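To start, the structure under review is shown below, and the notes come after it.
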Amino acid sequence: MTPVPRTVLDEVPLYVPKPPVARADGVSHRLFLNENPYPPLPSVLAEISRAALTAHHYPEIMPGELVAALAARLGVPESDVVTGPGSVGIYQQVAQAMLEPGDEVVYAWPSFEAFPIVARIAGARPVPVPLRDGVHDLAAMAERVTPRTRAVFLCDPNNPTGTSVGARGLSAFLTAVPESVLVVLDEAYREFSTSAVDGVELYRRHPNVVVLRTFSKAYGLAGLRVGYGVAQPVLSAALRKCAVPCGVSGIGVRAALASLAAEPELAKRVAIVKAAREGLRAALRERQVPAPPTDTNFLWLPLGSRADEVADLLERAGLLSRRYPGEGIRLTVGTPEANAAVVAALEKAFAAA
Ligand SMILES: Cc1ncc(COP(=O)(O)O)c(C=O)c1O
């Protein structure tokens, strides 16, 4: 008999690599992963090339220089900073460090698709709580917290709906949830927000909060896999113990450090993406495409039963979106060319409706 994997994996989806979808003319725009449309800045690229020369060396087990730079940047002790191969890597650390089989994990739905996967791999029970009008229903989530709840995963601003919960609601939620329940506050998109709460302020006041952030989105380093978390020492030590040794590459570390040094320049790019987002949203709304406000670098189009048809139409135009059948599509704000192509493609779809 062959070895039998854990039965909890029966409910975990298997990722099978897909061939890239390309238009006949070879042009396609990746608007399905909320990536930054711009390549790394020249100063960051220079560091990447320099670091590539030492790719035959292992990186540090945990990147001390990056931890120190992040701690200084955020005004927190170095002991409280955790790094990982993308913030999604830190979710695995959370699962290993904090979840026991049978524990419950409360999160909103739809939200970050990793949530049920992380819970299930740990043998924990996912407890999804429907969004209300696209926003976290924090009162309903607090009600679903029971003595079996070990963690709450909260994505703010939310992927895929782009909404933020607001300071007052989040403070009330954190007061309502027992301190023994871990609250993971995922701020992957916070730099694009005008109203999201500062999770680092909340971690200072609530010892059960872990804040997760990433270099993948606003900093434009998705391909290098660098994420980090901030938590009080009891939690950060547990998360560090569960980190994959050398999990953040030397190239990723140098690129992240160079990006921190180039923050003013990167902030200009974020401002450009935000302006493009508002332009795209206005253009779509003028064309009767539903496009609610968003605090992120993507738009959520609540198209209901038309989601698949519209995603197919975009795909034929070389515009690759993330589809949520029966609910809507999520569309990353891209380059000016990509955004213009989105407007042209959707104009046709909605004119024909
Ligand atoms: C809410 C949220 N958290 C985390 C991630 C993953 O980020 P990283 O690249 O840091 O693993 C994503 C990526 O799409 C995301 O949407």
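The values are calculated or read from the model by the stated rules, or taken from the named source; none is laboratory data. This is a predicted model, so every value here is computed, not measured. As a convention, Cβ positions derive from the backbone with ideal geometry for all residues, glycine included, and neighbour counts pool all protein chains shown.
Tabulated data for the structure shown
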item: Failed item, numbered, when Phe192 is tested on (1) within 13 Å of the ligand (Cβ to nearest atom); (2) closer than 22 Å to Pro116 by Cα; (3) out of contact with any Pro (no Cβ under 7 Å at 6 or more places or on another chain); result: (2)
item: Cross-chain or 6+ apart pairs with Cβ under 7 Å, the stretch 150-161 first and more than 18 Å from Lys217 (Cβ to Cβ), then hydroxyl-bearing (Ser, Thr, Tyr) and at pLDDT 95 or above; result: Val152/Tyr107
item: Options Gly102, Gly86; residue that is in contact (Cβ under 8 Å) with a residue 40 or more places away in the chain and over 18 Å from Cys246 (Cβ atoms); result: Gly102
item: Every residue from the stretch 206-243 that is of a type in the set (A, V, I, L, M, F, W, C), more than 13 Å from the ligand (Cβ to nearest atom) and part of a loop (DSSP other than H, G, I, E, B); result: Ala231, Cys242, Ala243
item: Odd one out for Ala71, checked against (1) at negative phi; (2) small (Gly, Ala, Ser); (3) loosely packed, with under 12 Cβ neighbours inside 10 Å; result: (3)
item: Flag if Thr175 is among the β-branched types (Val, Ile, Thr), surrounded by fewer than 16 Cβ atoms within 10 Å (Cβ to Cβ) and more than 15 Å from the ligand (Cβ to nearest atom); result: yes
item: Residue within the stretch 38-60 that is over 19 Å from Arg190 (Cα atoms), touching a Pro at 6+ places or on another chain (Cβ under 8 Å), touching a residue at least 60 places away in the same chain (Cβ under 8 Å) and not in a helix (DSSP H, G or I) present; result: no
item: Lone qualifier among Leu314, Leu331, Leu299, Leu257 - being touching a strand residue (DSSP E or B) at 6+ places or on another chain (Cβ under 8 Å) and assigned to a helix (DSSP H, G or I); result: Leu314
item: Residues located in the stretch 207-218, provided they are surrounded by 18 or more Cβ atoms within 10 Å (Cβ to Cβ) and over 13 Å from the mean Cα position of the chain (by Cα); result: Asn208, Val209, Val210
item: Any hit, the stretch 104-127, residues being loosely packed, with under 14 Cβ neighbours inside 10 Å and over 19 Å from the mean Cα position of the chain (by Cα); result: no
